[in-house]
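*Asks:* Supplied in structure tokens, the structure appears directly below.
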Amino acid sequence: MTDVLIQARNLSRAYHNGREQICVLQGLSLELRAGESVAVIGPSGSGKSTLLNLLNGLLPPDSGELQLFGRTHSLLTDSDWAELRRTRIATLFQDGNLIPTLTVSRNIAFRAGLAGLQEHEGRALLEQLDIADTAHRYPDQLSGGQRQRAALACAFAMRPALILADEPTGSLDYATAQRVAPLFFDAIRERALGALIVTHNPELAQRCDRILELREGALRPWDSAVSS
Ligand SMILES: Nc1ncnc2c1ncn2[C@@H]1O[C@H](COP(=O)(O)OP(=O)(O)OP(=O)(O)O)[C@@H](O)[C@H]1O
Ligand SMILES: [Mg+2]
């Protein structure tokens, strides 16, 4: 078993809108190991969500080499990807990823059941994230920040090897983000997860092992002196 979770070399990806071609990723390289957390920062529209969707198999790269868990992207079938997303790769999407027809507790039980987690462990997650009182509600009955924390609980309940998070604290007020961030990093450390975290929150980024900036289609080590 390799502990390299993501190995990307020279990835490119463009979108085509009619005759317009938008080159988003151009020559992007990245390596992420188990137990490592990497923050990805970059301006709106720079391609951060596109990158996460390449890494969870929702979008194919146009060119370049990509391996997840030592397996070559282009050789993975749709059912391989479905299995990876069910068991090993948890994605926290920018706009939330709860199943709308299930209550919060059923959402967690669904994820937890797939991972063999006990029901009381799911309840404990909700308590840690301070949303135990929303357990019986449906996602559209929650505030944006509550929805984000419920999605986080679902991701933890899945016991993944890799978390891809798109602005996981984007809808949280400062105090709540401060409370949630340590839970996130405790889970990463305790379970030796790999985490790629897209964030505009400098404190969350600073807690990561490395900060990379997505600029002109590629990732570069973030240099605060240049960027500030
Ligand atoms: N399905 C699509 N079709 C065409 N263009 C798209 C599509 N999705 C994204 N884009 C364009 O690709 C570029 C990168 O988008 P992306 O969503 O990856 O950016 P981002 O860095 O996540 O931005 P934000 O911080 O606002 O979430 C943007 O210019 C966007 O308009
Ligand atoms: Mg985005």
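The values are calculated or read from the model by the stated rules, or taken from the named source; none is laboratory data. Just so it is clear, the structure is predicted and the values come from calculations on it, not from any experiment. Reconstructed Cβ throughout: ideal geometry from the backbone, glycine too, with neighbour counts over all protein chains shown. Accessible surface is based on the protein model in full, side chains and every heavy atom, while ligands, DNA and RNA are left aside. Shrake-Rupley method; radii C 1.70, N 1.55, O 1.52, S 1.80 Å.
*Asks:* So is ARG86 more than 16 Å from ARG9 (Cα to Cα), surrounded by fewer than 18 Cβ atoms within 10 Å (Cβ to Cβ) and among the basic types (Lys, Arg) or not?
*Replies:* Values: more than 16 Å from ARG9 (Cα to Cα): yes; surrounded by fewer than 18 Cβ atoms within 10 Å (Cβ to Cβ): yes; among the basic types (Lys, Arg): yes.
Spelling it out, ARG86 is indeed more than 16 Å from ARG9 (Cα to Cα), surrounded by fewer than 18 Cβ atoms within 10 Å (Cβ to Cβ) and among the basic types (Lys, Arg).
*Asks:* Across region 7-22, which residue is nearest to ligand 1 (Cβ to nearest atom) among those that are open to solvent by 70 Å² or more (accessible area, probe 1.4 Å) and at pLDDT 95 or above?
*Replies:* The first filter runs over region 7-22 and keeps only residues open to solvent by 70 Å² or more (accessible area, probe 1.4 Å), leaving 9-10, 15-21.
Filter once more, so that each one left must be at pLDDT 95 or above: 9-10, 15.
On the way: ARG9: 20, ASN10: 18, TYR15: 3 Å.
Filtering region 7-22 for residues that are open to solvent by 70 Å² or more (accessible area, probe 1.4 Å) and at pLDDT 95 or above, the one nearest to ligand 1 (Cβ to nearest atom) comes out as TYR15.
*Asks:* Show the residue pairs meeting these rules: Cβ distance below 7 Å; 6+ apart or different chains; first residue within region 62-84 and free of Cβ contacts under 8 Å to residues at least 12 places away in the same chain and farther than 25 Å from GLY27 by Cβ; second residue open to solvent by less than 70 Å² (accessible area, probe 1.4 Å) and in a loop (DSSP other than H, G, I, E, B).
*Replies:* none
*Asks:* Identify the residue in region 77-100 that is over 14 Å from PRO139 (Cα atoms), within 16 Å of ligand 1 (Cβ to nearest atom) and assigned to a loop (DSSP other than H, G, I, E, B) and, among all such residues, is modelled with the lowest pLDDT. Talk me through it step by step, then tell me what you get.
*Replies:* In the first step, residues of region 77-100 are kept if they are over 14 Å from PRO139 (Cα atoms); the result is 77-94.
Restricting the remaining residues to those that are within 16 Å of ligand 1 (Cβ to nearest atom) gives 91-94.
Now restrict to residues that are assigned to a loop (DSSP other than H, G, I, E, B): 93-94.
Details: PHE93: 82, GLN94: 72.
Selected residue: GLN94.
*Asks:* Please determine, by comparing only the residues of region 164-179 that are more than 16 Å from ligand 2 (Cβ to nearest atom) and aliphatic (A, V, I, L, M), which one is most open to solvent (accessible area, probe 1.4 Å). Can you show your working first?
*Replies:* Restricting attention to region 164-179, the residues satisfying the condition of being more than 16 Å from ligand 2 (Cβ to nearest atom) are 172-179.
Narrowing the set further to residues that are aliphatic (A, V, I, L, M) leaves 172, 175, 177.
Working: LEU172: 25, ALA175: 62, ALA177: 9 Å².
Per the stated criteria, the residue is ALA175.
*Asks:* Additional query: If I ask for residues that are among the hydrophobic types (A, V, I, L, M, F, W, C), away from ligand 1 (no atom under 12 Å from the Cβ) and either farther than 13 Å from LEU164 by Cα or surrounded by fewer than 20 Cβ atoms within 10 Å (Cβ to Cβ) (or both), which ones from region 29-61 would you list?
*Replies:* Once the filter is applied, which keeps residues that are among the hydrophobic types (A, V, I, L, M, F, W, C), away from ligand 1 (no atom under 12 Å from the Cβ) and either farther than 13 Å from LEU164 by Cα or surrounded by fewer than 20 Cβ atoms within 10 Å (Cβ to Cβ) (or both), region 29-61 yields LEU30, ALA34.
*Asks:* Can you spot a residue in region 41-52 that is touching a residue at least 12 places away in the same chain (Cβ under 8 Å), within 12 Å of ligand 2 (Cβ to nearest atom), part of a strand (DSSP E or B) and in contact with a strand residue (DSSP E or B) (Cβ under 6 Å, 6 or more places away or on another chain)?
*Replies:* Among the residues of region 41-52, at least one is touching a residue at least 12 places away in the same chain (Cβ under 8 Å), within 12 Å of ligand 2 (Cβ to nearest atom), part of a strand (DSSP E or B) and in contact with a strand residue (DSSP E or B) (Cβ under 6 Å, 6 or more places away or on another chain), which makes the answer yes.
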